1. With Pro193, Pro182 as the choices, which residue is surrounded by fewer than 23 Cβ atoms within 10 Å (Cβ to Cβ), touching a residue at least 60 places away in the same chain (Cβ under 8 Å) and under 30 Å from Arg587 (Cβ atoms)?
2. Please work out which residue is farthest from Asp189 (Cα to Cα), limiting yourself to segment 595-620 and to residues that are in contact with a Gly (Cβ under 8 Å, 6 or more places away or on another chain) and free of Cβ contacts under 8 Å to residues at least 40 places away in the same chain.
3. Could you check segment 490-501 and list, in sequence order, the residues that are surrounded by fewer than 24 Cβ atoms within 10 Å (Cβ to Cβ), in contact (Cβ under 8 Å) with a residue 12 or more places away in the chain and in a helix (DSSP H, G or I)?
4. So which residues in segment 520-554 are within 11 Å of Val466 (Cβ to Cβ) and either out of contact with any His (no Cβ under 6 Å at 6 or more places or on another chain) or in a helix (DSSP H, G or I) (or both), if there are any at all?
5. If you check Phe69, Phe65, Phe133, which single one turns out to be under 24 Å from Leu235 (Cα atoms), touching a Leu at 6+ places or on another chain (Cβ under 6 Å) and at pLDDT 95 or above?
6. When you go through Pro651, Pro627 one by one, which is the residue that is open to solvent by 60 Å² or more (accessible area, probe 1.4 Å), closer than 22 Å to Glu421 by Cβ and either modelled with pLDDT under 90 or among the aliphatic types (A, V, I, L, M) (or both)?
7. If I filter segment 369-408 down to residues being open to solvent by less than 20 Å² (accessible area, probe 1.4 Å) and either part of a loop (DSSP other than H, G, I, E, B) or hydroxyl-bearing (Ser, Thr, Tyr) (or both), which single residue comes out as modelled with the lowest pLDDT?
8. Only one of Thr132, Thr139 is free of Cβ contacts under 8 Å to residues at least 12 places away in the same chain and in a helix (DSSP H, G or I); which?
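The values are calculated or read from the model by the stated rules, or taken from the named source; none is laboratory data. These numbers were taken from a predicted model, which means no experiment stands behind them. Reconstructed Cβ throughout: ideal geometry from the backbone, glycine too, with neighbour counts over all protein chains shown. In case anyone asks, the SASA skips ligands and DNA or RNA and just uses the protein heavy atoms, side chains included. Shrake-Rupley method; radii C 1.70, N 1.55, O 1.52, S 1.80 Å.
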Amino acid sequence: MKILGAILSLRKTGLFGGIIGGAIGAAFGVFLTTTIRSLQGLSNEWSIEADSPWNVIVLVVSVTFTLGFLIGVGSMTDWLKWTIGRPGSDGHYHPRKGKPYWHRFLDMDTNHKIVGIQYGLLGMIVFLVGGTFALIFRTELAQPGLQYISADDYNNLIGLHGQVMFVAVLLGVGAMANYLVPLMIGAQDMAFPRLNGFAFWINVPAVILLLSGLFVGGFDTGWTAYPPLSLKAQLGMQLSLSAVFILGFSSIFGAINLIVTTFLMRAPGMSLFRMPIFVWAVLATSLLQLTATQFLGLSFLMVALQRAAGLPFFDPVLGDVTLYQHLFWFYSHPTVYIWVLPGLGIISELLPVFSRKPLFGYSFIALSSAGIAIMGYLVWAHHMWASAMDPFLRIPFMLTTLLVAVPTGVKFFSWLATMWEGRIVFATPMYFTLGAFVLFLLGGLTGPPSALVVTGLHLHDSHFVVAHFHITVFGGFIFAYFAALYYWFPKMTGRMYSETLGKLHFILMFVGFIVFALMLFRMGLLGMRRRIADYDPLLGSGDFGDLNTIATIAAFVSGFSVPIMLFNFVYSLAYGRIAASNPWRSRGLEWQISSPPPELNYSELPQIVGNPYDYGLAGSVYAIVAPQDRAKDQLDQVEHPEIAAGGPALPAPAAGD
């Protein structure tokens, strides 16, 4: 009965109101568009083909559905009240009688911690959907011949997998940034709390639109949606284009909020070079999102308008097909750094904690994030070696791509120096951090063969590129994200997870993924193309079948490690032992207050008086927190005895280094 009551109580949530509002908005959009088209004597005949009149209707419905959802969920309520001269809410959470606390995660909320968890929950759902798509088409590839799905279904799933995982990673970035940045800089909340909630809820109708495309033909273009193929795809393509365009608003609004919060709401004494490295990484990421997202939205909007209205942007005669690739990759290569910069920031946060040493080269690591962000704008054309781009441009883009290794190398050598002769504590977050280090290093080492024109032309569109991309993203974000989830789980919940299950999750995911990636590298070097549903078993010295079988088994091993993590978290949330307020003995500002943090984080602004990573320096203090805010038990209990042991094995670097 309790479960039934909980299900029925969903009717009282903002999410339910958003679904109703979205349905009304969609119906209104269909009625408005079909009526206008009928008055103009145009056809409204239902069809999912590329030339369907529903390309126009879908564009309008995508907008009205999204607006209806946002109004229904309550994300625009205060703004609409202010528009008509009525007072809005105070922006704070007020418990209501008969409404459980967990409804907050399904309602419009302005608290950055709730918004961060909302991002994380939606991101995990989307991640599981995208991963399921991958396992389905990976099963098809296990042996030559079409066995389980058709070639069309394979193409649809592989395109959706790419775009869905693209969204999942962005949601994961939003989860970490929204939850942690205000806590880390000593702020009570984000600069624009209502905009923060609004930016999250935009994602929900966009995800619904994206996944709905599967039911109206899907799209067979792959995740890049290159024309002219995207101009000939079925109606699902139009839904995908609309969904990604709408998602861009979330990135832009979230970036504005994080930039303003970081520059204007830091605690007294926190100069830029006293900020945590993760905040530096998020700042660089936000600047990328703010300035590059428009190019992806523009390229997708132009394709959508060409499908709906015949505007010849990418027509081979009247337009320029290659223009799309320039617009698309001008955003889509920097987006790799939007994914990995927060992950690299997490690595930089966790290594000093679990090495019990100061972070080596703090200033250089901080500035290297800005360097990677700047260089990210200068390398996009290395995706276009095989395109109609002027061959002369290959050389400068090859050189700028290779130069990205410089700021990235700064991070690697600083991380190695941080761990050197430290007292390393092998807890689950540290295992995932080291896994991220290894995988991202392999991703970096396999990048130059694709960047060099002489080898990149041969590796282009092969499984080598697939392996390089996946190992870079898994190392640069996925493993780092899981490290962050384990590390900050006690902060978010006040409970400890199971170390045994956490380490089992790491072993299965790391071993499974590294085997999977190595098989793909080998197949790519043997000449296996990506985005193909079937292959000749005699190609590749007859090894394609065996290599694909091993890769598929490894993918399942890695994929099935994720439910172990989810069980660990759910069980620990309900039955896990109470965690100390600072189980890792971290110097981070967020760990100096109780776990979970109070509603407004700090009753008084903390004072920053030192450097954030001076582990082992006797008498070193980073922040002074008001007595009423300070966690009472943080010196009484630690999670690993080694953490409470003495200082660093080597003298610490000078303050500020």
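1. On the way: Pro182 fails: surrounded by fewer than 23 Cβ atoms within 10 Å (Cβ to Cβ).
The match here is Pro193.
2. Within segment 595-620, the match that is farthest from Asp189 (Cα to Cα) is Ala618.
3. Those that are surrounded by fewer than 24 Cβ atoms within 10 Å (Cβ to Cβ), in contact (Cβ under 8 Å) with a residue 12 or more places away in the chain and in a helix (DSSP H, G or I): Met492, Thr493, Glu499, Leu501.
4. To start, the set of residues in segment 520-554 that are within 11 Å of Val466 (Cβ to Cβ) comprises 520-521, 523-524, 528-531, 551.
If the condition is that a residue be within 11 Å of Val466 (Cβ to Cβ) and either out of contact with any His (no Cβ under 6 Å at 6 or more places or on another chain) or in a helix (DSSP H, G or I) (or both), then Leu520, Phe521, Met523, Gly524, Arg529, Arg531, Ala551 are the ones that fit.
5. Details: Phe69 fails: touching a Leu at 6+ places or on another chain (Cβ under 6 Å); Phe65 fails: touching a Leu at 6+ places or on another chain (Cβ under 6 Å).
Just one listed residue meets the conditions, Phe133.
6. Numbers: Pro627 fails: closer than 22 Å to Glu421 by Cβ.
Result: Pro651 is the single residue among Pro651, Pro627 that is open to solvent by 60 Å² or more (accessible area, probe 1.4 Å), closer than 22 Å to Glu421 by Cβ and either modelled with pLDDT under 90 or among the aliphatic types (A, V, I, L, M) (or both).
7. Within segment 369-408, the match that is modelled with the lowest pLDDT is Met389.
8. On the way: Thr139 fails: free of Cβ contacts under 8 Å to residues at least 12 places away in the same chain.
On inspection, the qualifying residue turns out to be Thr132.
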